Amino acid sequence: MTAQTPRPGSRSLLIAGGGLASLALAFALKQAHGPALAVTVIDPHGADPARHRGRAYALAAGGRRMLTQLGLWERIAASAEPIAEMVISDSRLADPVRPVFLTFGREEEDQADRAVGEPFAHMVEAEPLARALSEACLDGGVAIVTGGVVRALPEGVAIRTELTTGESLRADLLVAADGARSRLREAARIGWVGWSYPQVGIVATIGHTRPHQGRAFEHFLPAGPFAILPLRDGGTLGHRSSIVWTERADEADALLSGEPDEVLAEIERRFTLDLGMLALEHGPSRHPLAFGIARAFRADRLALLGDSAHVIHPIAGQGLNLGLADAAALAEAVTGALRLGLDPGSPDVLQAYERARRFDSFAMAAATDGLNRLFSNDALPLRLARDLGLGIVDRLPGLKRFFIGEAAASRGTRPRLMRGEAL
């Protein structure tokens, strides 16, 4: 699709990268401002939801409120599975019993600030979510350009972006959502603090014969957490779950290089047979794991969004939720400026966005890094201490509500969309 030409007097915004948070930002702004704001998404894959196939995310209550407010939740609700309960265990792989140290989600005292019976999260498959966002964007007037960004040059009151297609687009603001290795972030000379973990994340969709009843499991093993996350029923065996398996990088190749039956056997060792007979429905695929956060979330007429701004360990399943919170905060800052007739790419707007998101992003990144270091460890004294800590949390409703509030993205000052309020 050819990019929109802004009408005289209107404002324009470009988004480099077509991930889920990018599309949510594009739709939120276009819905709020209509023809007064031209919004263009530039991505090498264009509007292709199939590239997200096989991935699933835990969408926290704040993200669901945002999608509901935007009118998007009804498009994906039928494919989303509520997480009714979370069960956490800590053991070695060869242990015959996996003692449960912490459960939360079903009891009334676990509700935190949610309505009684409201799930703290839903499992949402990435492909239907991407399809709903892409279709909403196109129906709403967002332009989606297939291509990449070659360079971006601030020019006073605008920023000029040159594309691989040969086009040159000018806008009031450019949003860099081009991933953890963001070229736009590097070109803007924004520093990056980060490191790679000696682990990889392995993702697969597993079929099983017994129903999961909306229960999610997080087994902490010496190599890293092994999460079993409930999906909508279907597949060859009638029921499905997504796994996010953290494994040592130096062992992952050997574990995944065998025949499908051998790979499934390794999954069964970690999965256990509580859900009956297993089958591989999709995957497995492996992904490098890293920690990273940008030293700033903005530059001259440039804002960082999602993985361009922060990368965290998947131990708490908060990657998508952080990206959606970025989108909600940036949409709120831009909308506030536009409604006052101000420049949406001005330093004041970008500073407001950075204040809203950088501390929260750093806190979540640090928390997930600490959890990974604490639980991906087989030292006996550390195991005893963490298991005691989990048991204490399980017996103190106040602490439970605090941690559930964090998991549900309901603590602290949240952007309006994450509270279910209109921009």
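Extent along the principal axes, Cα only, for region 1-101: 70, 29, 21 Å, with the longest axis given first. Extension gain for ARG189 to ALA363 (0.36 nm times residue separation, less C-alpha to C-alpha distance): 60.3 nm.
Taken along the Cα-to-beta-carbon direction at a fixed 7 Å, the label points for ALA422 and ALA180 span 4.0 nm. Take the chain, connect every pair of alpha-carbon atoms lying under 10 Å apart with a spring to form a Gaussian network, then pick out the residue of THR413, THR103, THR40 with the largest mean-square fluctuation. Checking each option, the largest mean-square fluctuation is seen for THR413. Near ALA56, the amide H atoms lying under 5 Å from its own belong to ALA126; only residues 5 or more places off or on other chains count, and H is placed 1.01 Å from N. The stretch between SER196 and MET277 holds 25.6 nm of extra length on full extension. This uses 0.36 nm per residue minus the Cα-Cα distance. Note on ARG160 and ASP139: their simple-model spin labels are 3.8 nm apart, each label 7 Å out from Cα toward Cβ. Name the shape class, rounded, prolate or oblate, that the alpha-carbon gyration tensor gives for region 239-362, where a ≥ b ≥ c are the square roots of its eigenvalues, rounded holds for a/c under 1.5, and otherwise prolate holds if a/b is larger than b/c and oblate otherwise. Prolate is the answer for region 239-362, as a/c is 1.5 or above and a/b outweighs b/c.
If the label point is 7 Å along Cα→Cβ of HIS45, which residues in region 274-312 have backbone nitrogen under 17 Å from it? Under cut-off, by backbone N: 282-288, 306-308.
In a fully extended conformation the segment linking LEU371 and ARG248 would gain 42.7 nm over its present Cα-Cα distance, using 0.36 nm per residue. Put simply, when 238-246, 27-35, 279-287, 88-96 are sorted by average Cβ atoms within 10 angstrom per residue, most first, you get 238-246, 27-35, 279-287, 88-96. For ALA265 and THR146, a Förster radius of 56 Å and the Cβ-Cβ distance give a FRET efficiency of 0.85, rounded to the nearest 0.05.
Packing, taken as the mean count of other beta carbons within 10 Å per residue, orders the peptides 135-147, 362-374, 52-64 from highest to lowest as 52-64, 135-147, 362-374. Taking Lys and Arg as +1 and Asp and Glu as -1, the other residues whose beta-carbon sits under 11 Å from that of ALA28 total +1. Heavy atoms of the protein chains alone define the surface here; on that basis region 261-351 has 37 Å² accessible area per residue at 1.4 Å probe size.
The values are calculated or read from the model by the stated rules, or taken from the named source; none is laboratory data. As the structure is a computational prediction, the values presented were derived from the model and not from experiment. Here the Cβ is made from the backbone with ideal geometry for all residues, glycine too, and neighbour counts use every protein chain on show. Heavy atoms of the whole protein, side chains included, go into the accessibility calculation; ligands, DNA and RNA do not. Shrake-Rupley method; radii C 1.70, N 1.55, O 1.52, S 1.80 Å.
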